[in-house]
Amino acid sequence: MNRTIVERIRCMLSHAKLPKSFWGEAMKTAVAMINLSPSVPLEFDVPDRVWKGNDVSYAHLRVFGCRAFVHVFRCCYPIFDPCF
Amino acid sequence: MASVVGIGDIWLETNTGCKLLLKDVRHVPNMRLHLISIGTLDEEGYHNYFGDGKWKLSRNSLIVAKGKKMSLYMSQAKVIKGEVNAIEDCSTDLWHKRLGHLSEKGLGILAKKNYLPLKCMNLNTCTHCLVGKQHRVAFQRSPSHRISHVLDLVHTNVCSMIDKSLGGALYFVSFIDDHSRKIWATCLKSKDQMLDVCKDFHARVERETGRKLKCIRADNGGEYKGPFEKYCREHGIKLEKTVPMTPQ
């Protein structure tokens, strides 16, 4: 199972173009997604459904990773650099 | 004028994968085709069917061989047992061994570039190659033996990552419930945090389900020794360790 998790982490980090240090976040997501995916030993039942006993929802899912902008503080502005 | 030099029995593997015994086969070295006597097969209890440009040989309901009409009816077969007295071109095998058991493909490339004086590219099965490429026995598929309730058996394992995460963690520990196959995973900075994580997990799942954790299965990692064993003993959890060095 560790290999499955690590493979998913690698996929998600590569797709989101994130550095490797984000593996913790990717790991949490990977585990949640594996819990929502059909599993062969359960005859393609979903682990979360077996655990909770009721149907699971997929409505909240989004692609891992999003575009973000870094806030640069005013004091750190490179004021002598040419403006772009 | 062709002459018969020998008579013998031959086992053929036909193109449908069946075995066919041909009795009293005449060996004629000058013949370019192998002819099969339909009459003899009929005597042996086989049924021949010709039609639509095809030939079918059947015994009871099993189709033993198939063929197509060219000018004669042609079929492909392999000799699997029988005395074949022919001189083989063994240079491929020899070069395979000389080049440190190079693959057939590699030999083909070298032969194509005229580095090796090879004519035919039929490499016989090399037992040493098979031994060398052998790997461990695959995971045995147990016939869906599953624990009947959640939390009766929980598998756990620690996986170490090469890079530190943002929070400085280097490992993650995963817990898998055997019944529902649900996974929980937590990051660890060091392996001695394992016990605290396990305590948290234990308390949380027992509260969530109202059932008691009965058995934990782990490998023989150092994090599952000492205080972890003591914790399991105190809470009456059975700790199962797998046999060392067997990931199966």
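Summary table
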item	result
Residue under evaluation B:K199, criteria (1) assigned by TED's automatic domain parsing to the domain that holds B:H96; (2) modelled with pLDDT of 85 or more, criterion not met	(1)
Any hit, the stretch A:58-67, residues being part of a helix (DSSP H, G or I), at pLDDT 80 or above and closer than 20 Å to B:S180 by Cα	no
Test for B:V158: is it touching an Asp or Glu at 6+ places or on another chain (Cβ under 6 Å), of a type in the set (A, V, I, L, M) and within 13 Å of chain A (Cβ to nearest Cβ)	yes
Residue that is surrounded by the fewest Cβ atoms within 10 Å (Cβ to Cβ), among those in the stretch B:183-200 that are touching a residue at least 24 places away in the same chain (Cβ under 8 Å) and within 38 Å of the chain's Cα centre (by Cα)	B:K191
Set A:R62, A:R49: member being among the basic types (K, R) and in contact with an Asp or Glu (Cβ under 9 Å, 6 or more places away or on another chain)	A:R49
Residue match in the stretch A:2-17 (condition: closer than 19 Å to B:V154 by Cα, among the small types (G, A, S) and assigned to a helix (DSSP H, G or I))	no
Subset of the stretch B:1-56 that is of a type in the set (A, V, I, L, M, F, W, C), in contact (Cβ under 8 Å) with a residue 40 or more places away in the chain and in a strand (DSSP E or B) - its residue that is surrounded by the fewest Cβ atoms within 10 Å (Cβ to Cβ)	B:W11
Qualifying positions in the stretch B:161-176 - touching a residue at least 12 places away in the same chain (Cβ under 8 Å), within 7 Å of chain A (Cβ to nearest Cβ) and within 33 Å of the chain's Cα centre (by Cα)	B:F172, B:S174, B:I176
In the stretch A:20-48, residue surrounded by the most Cβ atoms within 10 Å (Cβ to Cβ) [restricted to those that are over 19 Å from B:L188 (Cα atoms) and more than 8 Å from chain B (Cβ to nearest Cβ)]	A:V46
Filtered residues of the stretch A:5-19 (kept if surrounded by fewer than 14 Cβ atoms within 10 Å (Cβ to Cβ) and either in contact with a Leu (Cβ under 6 Å, 6 or more places away or on another chain) or more than 9 Å from chain B (Cβ to nearest Cβ) (or both))	A:E7, A:C11, A:S14, A:H15, A:K17
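The values are calculated or read from the model by the stated rules, or taken from the named source; none is laboratory data. Bear in mind the structure is a predicted one, so any value in this text is a computation, not a measurement. Cβ: placed from backbone, ideal geometry, glycine included. Neighbour counts: every protein chain shown.
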